[in-house]
Amino acid sequence: MKVILNKDLSPLGEEGDVKEVAKGYARNFLFPRGIAVPYNDRTVKLFESRKEEIEARKAEKRNDAAGLKEKLEALVLEITMPAGANGKLYGAVTSQTIADELAKQGHHIERKRIELAGSNFKSVGKYKAAIKLYESAAAEITITIVGQEIKTESRTPAQPARGKRRRDADIVQADAVQTDTVQAEAAAPEAPAGNGAPVSEPAAQAAPEIQANPEPAAAE
């Protein structure tokens, strides 16, 4: 479906441009919002009468783009990012990162207008980025990425849990008791052969002989 743009709409086109679009896109989006009108004899005559006015606005946009190009190319854009000792970034510098940095300096540029080689930067160093401004006008800016090294603290070995230390101590103590028992059994004397129990040292001594009472002497 052929339409005439009534307003600028990136990336479709500018005011006064004639474009071919899908019918659903035109009827559901462009027409209800006043962004475009159907292409017909009446609308063509209308835009012909506005041609000088539209061209004057385009000339103003060209002048604005030229001034912005000069300001952007004079910028010193430095971005600090966390990085390792080898210069590799913890993350990446994207078009959104650059748009945010430009906004801090008062230049509000849409992210989609910023073009990076390779879509992002992942190491420290100097890079170039192109910014589309208006029509064929574009600015080339220099970006310096500075690495911020992250220092990691050395960690002491983790101490074993209290419960684990207690279990280990119980195991060592049980082993010691078992060892003492085995040594005591090995040192004990063997029992004598026969059914009699071993006689203790006092009982092993010979008992004194008991003499019978002498008979009383015969009376004289």
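The values are calculated or read from the model by the stated rules, or taken from the named source; none is laboratory data. What you see is a predicted model; the values in this text were computed from it and never measured. Because the Cβ atoms are built from the backbone with ideal geometry, glycine has one as well, and the counts that use them run over all protein chains shown.
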For segment 11-22, give me each residue that is modelled with pLDDT of 95 or more and surrounded by fewer than 15 Cβ atoms within 10 Å (Cβ to Cβ).
Val18, Glu20, Ala22
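For (1) surrounded by 11 or more Cβ atoms within 10 Å (Cβ to Cβ); (2) of a type in the set (D, E, K, R); (3) modelled with pLDDT under 95, each residue gets a yes or a no:
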| position | (1), (2), (3) |
| --- | --- |
| Gln105 | yes, no, yes |
| His108 | no, no, yes |
| Glu115 | yes, yes, yes |
| Asn120 | yes, no, yes |
| Gly125 | yes, no, yes |
| Lys128 | yes, yes, yes |
| Ile131 | yes, no, no |
| Tyr134 | yes, no, yes |
| Ala139 | yes, no, no |
Inside segment 73-113, can you point out the residues that are β-branched (Val, Ile, Thr) and either over 26 Å from the mean Cα position of the chain (by Cα) or not in a strand (DSSP E or B) (or both)?
Val76, Thr94, Thr97, Ile98, Ile109
Name every residue in segment 23-33 that is within 28 Å of Lys132 (Cα to Cα) and either at pLDDT below 95 or of a type in the set (Lys, Arg) (or both), in order of residue number.
Arg33
Segment 74-125, subset among the charged types (D, E, K, R) and in contact with a Ser or Thr (Cβ under 9 Å, 6 or more places away or on another chain), residue farthest from Ala139 (Cα to Cα)
Lys88
Given (1) over 25 Å from Gln148 (Cβ atoms); (2) of a type outside the set (A, V, I, L, M); (3) surrounded by fewer than 13 Cβ atoms within 10 Å (Cβ to Cβ), Gly91 misses just (1)
Among the residues of segment 8-65, the number that are on the phi < 0 side of the Ramachandran plot and in a loop (DSSP other than H, G, I, E, B) is 16
